[in-house]
């Protein structure tokens with residue numbers, strides 16, 4: 001987990017993982033990686049890995065370089081090799097867990113994070129990661145326990161607070177989630193998705209005027225609103241009977257983030273409900289092309305497309 005403002009922890013390697021002398025190509029590679037010089041870093045780290053085949057730190061930093069290049073499979077391979085070479089290197093397990101989680105492999109992610117927790121029970125990255133993996137597996141109570149432990153260590157971390165709030169929302173604990181989101185927004189006043197989630201909570205609590213204010217703030221007052229902010233405002237507008245304005249808001253959402261599956265689906269469903277068949281059909285078709293679509297939602301969308309095409313009954 002990485003906050004948009006600052007890292008969850010300052011260093012990817014903590015005491016207790018053993019040590020390797022940061023000299024020669026390894027030192028050059030680590031420095032270049034920190035400076036964002038990825039090509040130079042990878043070349044130096046690969047040279048060190050060839051001359052020092054048992055260097056866990058070389059493989060670890062090659063994994064970081066692979067992440068920077070967007071090569072998740074290479075990153076997994078390097079982090080696994082780093083951990084195999086140094087079974088105390090829990091940072092490698094944290095990165096493995098995150099990569100598995102991003103790929104939707106929740107079981108593998110939870111296994112990696114649980115291993116990391118066993119090595120470093122007080123490491124906030126491990127706690128945050130295991131909380132996210134438990135949440136993805138529907139282990140709500142265990143996820144909440146891990147989030148609370150992580151927040152005790154890093155109480156001023158916006159992304160950690162946000163992720164905890166989302167787990168509370170999944171458990172329908174809207175007031176508790178709203179309180180946590182207030183803390184996240186206090187830490188990061190321009191945290192766009194936290195404003196969107198707060199609007200969702202307020203609407204669920206029946207506080208429609210406050211929800212409208214939070215949703216509008218997310219869209220109109222922030223320098224970089226997310227598609228989620230437009231979706232949140234659209235949902236409040238629907239509750240207020242402002243369907244036309246809601247449709248316009250969802251159109252803005254998909255223009256801002258064309259690959260946001262939630263925004264595309266919401267636009268398609270509202271257009272469908274409003275009788276705008278062509279718009280609904282185009283958004284449903286777009287949704288089915290998105291890799292992040294959910295399986296249950298995809299089945300529903302395919303059924304609606306059949307109906308809109310006259311192939312099936314509603």
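Selection of the range 208-256 for residues being under 19 Å from residue 194 (Cβ atoms), more than 21 Å from the chain's Cα centre (by Cα), free of Cβ contacts under 8 Å to residues at least 24 places away in the same chain and crowded, with 22+ Cβ neighbours inside 10 Å yields only 214. Tell me, please, whether a residue that is surrounded by fewer than 22 Cβ atoms within 10 Å (Cβ to Cβ), over 27 Å from residue 206 (Cβ atoms) and either assigned by TED's automatic domain parsing to the domain that holds residue 228 or in contact with a helix residue (DSSP H, G or I) (Cβ under 7 Å, 6 or more places away or on another chain) (or both) can be found in the range 162-169. No, the range 162-169 has no match at all.
Does residue 95 meet the test of being at pLDDT 95 or above, assigned to a helix (DSSP H, G or I) and surrounded by 23 or more Cβ atoms within 10 Å (Cβ to Cβ)? Spell out the reasoning first.
Numbers: at pLDDT 95 or above: no; assigned to a helix (DSSP H, G or I): yes; surrounded by 23 or more Cβ atoms within 10 Å (Cβ to Cβ): yes.
So residue 95 fails the test.
How about the range 120-135: which of its residues are surrounded by fewer than 19 Cβ atoms within 10 Å (Cβ to Cβ) and more than 16 Å from residue 160 (Cβ to Cβ)? Reasoning before the result, please.
Our first condition is that a residue be surrounded by fewer than 19 Cβ atoms within 10 Å (Cβ to Cβ); within the range 120-135, this holds for 121-122.
The answer is 121, and nothing else.
The values are calculated or read from the model by the stated rules, or taken from the named source; none is laboratory data. Since the model is a prediction, treat every value here as computed from it, not as a measurement. Cβ sites come from the backbone with ideal geometry, for glycine too, and all protein chains shown count toward neighbours.
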